[in-house]
1. Restricting to segment 259-302, count the residues that are more than 24 Å from the chain's Cα centre (by Cα), at pLDDT 95 or above and under 25 Å from residue 236 (Cβ atoms).
2. Would you confirm whether any residue within segment 123-142 is more than 16 Å from the ligand (Cβ to nearest atom), under 25 Å from residue 361 (Cα atoms), touching a strand residue (DSSP E or B) at 6+ places or on another chain (Cβ under 9 Å) and part of a loop (DSSP other than H, G, I, E, B)?
3. Identify the residue in segment 244-257 that is in contact (Cβ under 8 Å) with a residue 12 or more places away in the chain and touching a strand residue (DSSP E or B) at 6+ places or on another chain (Cβ under 6 Å) and, among all such residues, is surrounded by the fewest Cβ atoms within 10 Å (Cβ to Cβ).
4. Output the residue which, of all residues in segment 14-36 that are out of contact with any helix residue (DSSP H, G or I) (no Cβ under 7 Å at 6 or more places or on another chain) and farther than 29 Å from residue 308 by Cα, is nearest to the ligand (Cβ to nearest atom).
5. In this structure, is residue 142 farther than 17 Å from residue 122 by Cβ and either within 27 Å of the chain's Cα centre (by Cα) or surrounded by 14 or more Cβ atoms within 10 Å (Cβ to Cβ) (or both)?
6. Is one or more of the residues making up segment 33-44 within 25 Å of residue 144 (Cβ to Cβ) and more than 18 Å from the chain's Cα centre (by Cα)?
7. When segment 186-206 is examined, which residues are found to be touching a helix residue (DSSP H, G or I) at 6+ places or on another chain (Cβ under 8 Å) and surrounded by 17 or more Cβ atoms within 10 Å (Cβ to Cβ)?
8. Do we have residue 364 as closer than 25 Å to residue 99 by Cβ and within 16 Å of the ligand (Cβ to nearest atom) here?
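The values are calculated or read from the model by the stated rules, or taken from the named source; none is laboratory data. Here the structure is a predicted model, which is why all the values come from computation and not from measurement. Every residue, glycine as well, gets a Cβ built from its backbone with ideal geometry; the counts of neighbours run over all protein chains shown.
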Ligand code: AHR
């Protein structure tokens, strides 16, 4: 079959929110500690305790937003433990993630300092599962109130005179699971209660994000939109790209779900895999589209003007941890398979940017589908990092609707589209097109009609490898890295290109 892309360059209206390229850093394993925070006295070059190499790498990819402190950790985090002099901060057990002792050296002040260094927007997730309304109310007061109050006095006594600017605030995390095992109806009421006391002080206007569904839990979305849709700005969907759900899912007659840990779940190896697992991950990545469309259709019923955003604030691949590492730390390597699946996810988010206005990879450093891995003072950029960096041309650009006719990638009687594509036009009028070839064996010849866009030149970059298991290592950090792509020719309709197997290509026409 001929692969064709028709880009309707006269019809773009929706902006690809830059926050679709957002991040998530939890107090989990070596994400915050070691990955970001090494402390002021560390030999690793740092700025006020935060490692310089990581800060620079994240700035280079123009990280737009960072979600913190969890995840499951958020619903057992008590923010007052993480302020004041470090020696006096309370220690706690990180029960979700390895049972290690958390010394709370990285807290509210350090997080805002990190965001300032990164020039990124903070997104804080509050504790509903084990916290109180009062505690959440006080945290928001501490961070954002400029008047005279007990919390502002406390903030000032900890060295911060002026409040911080904070827009994005999440009210709980996965409250159907680690955040309290709640039914949708119960959480909807709690959301209404907690969000009432999460105040806007002065000029600071919060964007309130409700904990949303896990994967295909459409009941959760239905109940949340029906019961609390008027009180939220965003509803958070969590979807992990994996070979098999690692929970046993029990559906109650009332539509609510119970998630129990599956003992024999097949997560598979992050690096040592065959084509069957490659195909499985491509298929799981494409499933994101069905989820987004079905959740968005429910949201459309209650919110036809699309005021409430669908925020995919946890997404990415989830495999077995690297052999020999702490199972509670979720440390995994990152291959070409991660890169192509990230490209598919981004193309889906871009193409649904009328509703999807933020997405946060899980997680930024050393955890799950990380963009950066560290080992002592060494740091490497993963193939997924390069996808973020290549796709940043779409940030805040106008989505260009496309019609795609793609061949299929077939494996043992199943198929997925061989090509995944999205296109946007930036403020300078450049047309950027991202194309993933999911087939690890066959290239794809593509003809693109750019709908009258008069491009005089085309440039491109490609991320690919001769092996689907290719990784960057601390000894060979540049095994997988973007290269110039020249297999593309302009023609009267637009361009034609030959997209190599298992590759991600980003083209720019101007
Ligand atoms: O990202 C790891 C964990 O996955 C998060 O803490 C939780 O929200 C999700 O289940």
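1. Matching residues across segment 259-302 total 2.
2. no
3. 248
4. Only one residue tops the list, namely 31.
5. Criteria not met by residue 142.
6. Yes: segment 33-44 contains one or more residues that are within 25 Å of residue 144 (Cβ to Cβ) and more than 18 Å from the chain's Cα centre (by Cα).
7. 187, 188, 191, 194, 195, 198, 201, 204, 206
8. yes
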